[in-house]
Amino acid sequence: MSSAVLNRLKDEYGAVRAVLPPGVIGAERRREALEALCAQGLPAARDENWRYTDLRILEQARFAPVQTQAAALPPLPEVPEGFARYVFVDGRLHSGAGAAHGVTVHTARTDDASAAAWRLEARLPEARLALLNETFATDAVSIEVAAGTQAAGIELVFIASAAATEGASYPRVRLALGADSRLSVIERHLGRAEAPSLVTSAVQVDLAPHAALTHYRVQQLGAQAAWFDTLSAELAADARYEMLAVGAGALSARSTVHARLSGRGAEFSLAAAALADGQQSLDLYALSEHVAPRTRTEQTFRGIASNRSRAAFNGKVVVREGARGTDSRQSLRGLLDGAQCEVDLRPQLEIYTDEVSCSHGATAGKLDENMLFYLLSRGIAPEAAQHLLKWAFLEDVIAKITLSDLRRQIETTLLGQMRELETLKELL
Amino acid sequence: MLTIKNLHATVDGQEILKGLDLEVPEGEVHAIMGPNGSGKSTLAHVLAGRPGYTVTAGSVHFKGRDLLALSPEERAREGVFLGFQYPVEIPGVNNVYLLKAAVNAARAHRGEPEVDAFEFLTLVREKMRLMRMDESMLSRGVNEGFSGGEKKRNEILQMLVLEPSLAVLDETDSGLDIDALKIVAHGVNTLRAPNRSQLLVTHYQRLLEHIVPDRVHVLVKGRIVRSGDRTLALELEQRGYDWLISEAA
Ligand SMILES: Nc1ncnc2c1ncn2[C@@H]1O[C@H](COP(=O)(O)OP(=O)(O)OP(=O)(O)O)[C@@H](O)[C@H]1O
Ligand SMILES: [Mg+2]
């Protein structure tokens, strides 16, 4: 990435810094973040862990936050039962339900108190775009669950309405669960169909001992949008973090997920599905870091690439010294549908201790001819048969979505994406 | 029902069927026997229209129409059913929904409305009882985790629900225990009707004790080298194929 872009980034920051809300992030920290980012440089395709990300939008985008929001917002899905919804448009709170049971929701513009709890996310080069968020964030939502509480669900909807030439949006989320508490969160990223928006989100997750978080992440941005996302999680002893991520939107999407299991017995499971078509590039980098003994992680990825698209999953598992008795499983599968598409699966394992049990498998291939013919021989039309098999391929991930309302919505979305809704509804 | 004349077919450029003639009249059950690799499954797949199986000469007529001109799914909708020698597992595609989609595809093809969901389930349950299949197999993925014998029973279940005009059953009896063999044979027999025909590929005379064929054909090196009544199967059981192979050579 050229230094011209960095200079432009600094200029844009200089021009808007006076209006960036200090309640979200103080001016000092914004400047530090910008400096740290400039020192590292923006990611580029030649960087080992960025080569599958389409970063071209960074050349033309305006980094300063969006000022004026579009009047027309995309239609929102129904609120799943038992969830309280908060809507953010271009990174700013738009509407939010009242307090939900057992949870405190701060949005930073009205409440500065939680800002101090944010960690500066700069430890990993893969996480550096969080610094961009830190520099420009216009709002932040901090969700705290008190110890011992079983909280009602929270749904966060982030809508990107503006084009990247007008500015970017910076969703910023912190989920902090006290000891022995439970929470389910749905995080959606939606956009106006044609808006080439730039969304740079940062999510921080802190789980105290025995806390349990189920986190659904649904990315359905518009077909021209770019989504650069960084999530960093810290798990204390016996904490459980289950993440289910479905990505179907955006022209370029990159999510970096880093889970650090620093407490004994902590568990992290990531199940992700990516459905790429057209010229889309959907990239997920996941690092599971076992620090404490007897920690468990699981990574499941199912990615489909059609036409000229790309689906990538780079899954790294690091077992630190002292993380004895670790258990780690990885199952990565890709499906190629077309001669010019690409699926990139990179399982990586680094182990610095003994007594660990790690298994991983990665396979990519085309639709199975035998399965396809079997369906045809039962009278199923070729198009439908192909879509059906693609659908079945994603099932390992989709089946993990136990929230039935959400699952139905996601199924409908994915089927819509496959343009075979009517034929397939039958078969599910 | 089915008329095959001088059929030549290649797989991966290699000629497997080399001038095969066969006639299966309406209402009849014919058996095809023959040594391993003689082309029995190839014939079954050619009839079902499997991609990669190229017909280089000859003709196949089904109910007077050119079968080879139809796509695989059209053949199925017209009433050709292939019971696979090795039924494939399709995890994630629900067994009973596939069956329903198959029924509805055929109905739509005939201009009939979709099957009523309740009636359909009632019918499937009845046929499952006939096949002594556990109801849990309804909700599983197609053949997913089924044992060899369960897969074969699932094929017959599909056939019973679809009621094809022409069923081609490729070694449906292989891998079945004695009880299952009787169940499958019973299933096949219930479908016998004046307007239906069946073509059974088998290695064993045992199946033919339960499903009595009208004709038995022997396929050797891509051609039917002998046809006869059911006693031919008994003769093969005793003498093996060598005498026919040397006669054919
Ligand atoms: N893809 C292929 N490429 C080349 N040869 C093939 C291919 N598929 C099948 N064959 C060959 O075609 C011949 C006939 O195979 P086929 O499966 O039809 O035999 P079969 O009579 O059904 O045998 P079995 O009794 O063992 O089931 C065999 O020699 C087989 O090796
Ligand atoms: Mg065979």
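Let a ≥ b ≥ c be the square roots of the eigenvalues of the Cα gyration tensor of segment B:64-146; is it rounded (a/c under 1.5), or, if not, prolate (a/b larger than b/c) or oblate? Oblate is the answer for segment B:64-146, as a/c is 1.5 or above yet b/c matches or exceeds a/b. Estimated from helical segments only, the mean residue ellipticity of the protein assembly as shown at 222 nm is -8000 deg cm²/dmol, where each DSSP H run of four or more residues counts as -39500 (n - 2.57).
A cut-off of 5 Å between modelled amide H atoms, ignoring neighbours fewer than 5 places along the same chain, links A:L175 with A:I143, A:Q204, A:V205, A:D206.
Couplings 3J(HN,Hα) for segment B:167-174, derived from phi with the Karplus relation 6.51 cos²θ - 1.76 cosθ + 1.60 (θ = phi - 60°), are 10, 10, 10, 8, 6, 5, 7, 5 Hz, where x marks Gly and Pro. By DSSP, the beta bridges lying fully in chain B are antiparallel in about 60 percent of cases.
Between the beta carbons of A:A193 and A:A399, assuming R0 = 22 Å, the FRET efficiency works out to 0.15 to the nearest 0.05.
How much accessible area per residue does chain A have, in Å², with a 1.4 Å probe? Result: 37 Å² of accessible area for each residue. The 3J(HN,Hα) values that the Karplus relation (6.51, -1.76, 1.60; θ = phi - 60°) gives for segment A:241-254 are, in residue order, 10, 10, 10, 10, 10, 10, x, 9, x, 6, 7, 10, 10, 9 Hz. Gly and Pro appear as x. Among the trypsin sites (Lys or Arg not before Pro) found in segment B:178-249, those both in a DSSP coil and sparsely packed, with 14 or fewer other Cβ atoms within 10 Å of their Cβ, are B:R192.
Sort segment B:65-220 into rounded, prolate or oblate with this rule: let a ≥ b ≥ c be the square roots of the eigenvalues of the Cα gyration tensor; rounded if a/c is under 1.5, and if a/c is not under 1.5, prolate when a/b is larger than b/c, oblate otherwise. In terms of gyration-tensor shape, oblate.
From the alpha carbon centroid of segment B:208-249 to that of segment B:29-93 is 21 Å. Remark on A:A266: its backbone amide H falls under 5 Å from those of A:D238, A:A239, A:R296, a criterion applied only to residues 5 or more positions apart or on other chains, H modelled at 1.01 Å from N. Of all DSSP-defined beta bridges confined to segment A:3-261, some 10% are antiparallel rather than parallel.
Over 25 Å apart: what share of the alpha carbon pairs of segment A:159-300 falls there, rounded to a whole percent?
Distances greater than 25 Å cover 29 percent of the Cα pairs.
Subtracting the Cα-Cα distance of B:I178 and B:H61 from their residue separation scaled by 0.36 nm leaves 38.6 nm. The loop-placed trypsin sites (Lys or Arg not before Pro) in segment A:32-65, going by DSSP, that have at most 11 neighbouring Cβ atoms within 10 Å of their Cβ come out as A:R46. Using a cut-off of 11 Å between beta-carbons, work out the net charge of the residues near A:H189 (Lys and Arg +1, Asp and Glu -1, A:H189 not included). My count for the surroundings of A:H189 gives 0.
With all pairs of different C-alpha atoms in the average, the Kirkwood value for the hydrodynamic radius of chain A is 21.8 Å. For A:S331, the residues whose amide H sits under 5 Å from its own are A:Q299, A:T300, A:F301, A:G361, ignoring neighbours fewer than 5 places away on the same chain, with H placed 1.01 Å from N.
When both bridge partners sit in the protein assembly as shown, DSSP labels roughly 20% of those beta bridges antiparallel. Taking θ as phi - 60° and the Karplus parameters 6.51, -1.76 and 1.60, the scalar couplings of segment A:375-388 work out to 5, 4, 5, 9, x, 6, 5, x, 4, 5, 4, 5, 5, 4 Hz in sequence order, x denoting glycine and proline. Hey, quick one: spin label on B:L123, modelled 7 Å out along Cα-Cβ, who in segment B:138-162 has an amide N within reach, i.e. under 11 Å? Within reach of a label on B:L123, which here means backbone N under 11 Å from a point 7 Å along Cα→Cβ, segment B:138-162 contributes B:160-162.
Can you pull out the GluC sites (Glu not before Pro) in segment A:1-89 whose DSSP state is coil and whose Cβ has at most 14 other Cβ atoms within 10 Å? Of the GluC sites (Glu not before Pro), the ones in loops of segment A:1-89 whose Cβ has at most 14 other Cβ atoms within 10 Å are A:E78, A:E81.
Students often get this wrong, so check it: of A:K390/B:K152; B:K5/B:K182; A:K366/B:K182; B:K18/B:K100; A:K390/B:K40; A:K366/B:K63, which have C-alpha atoms separated by over 28 Å? Table pairs above 28 Å Cα-Cα are B:K5/B:K182; A:K366/B:K182; B:K18/B:K100; A:K390/B:K40; A:K366/B:K63.
The values are calculated or read from the model by the stated rules, or taken from the named source; none is laboratory data. Since we're looking at a predicted model, the values are computed, not measured. Using ideal geometry, Cβ is built from the backbone for each residue, glycine included, and neighbour counts are taken over all protein chains shown. Areas reflect the complete protein model, heavy atoms only, side chains present, ligands, DNA and RNA absent. Shrake-Rupley method; radii C 1.70, N 1.55, O 1.52, S 1.80 Å.
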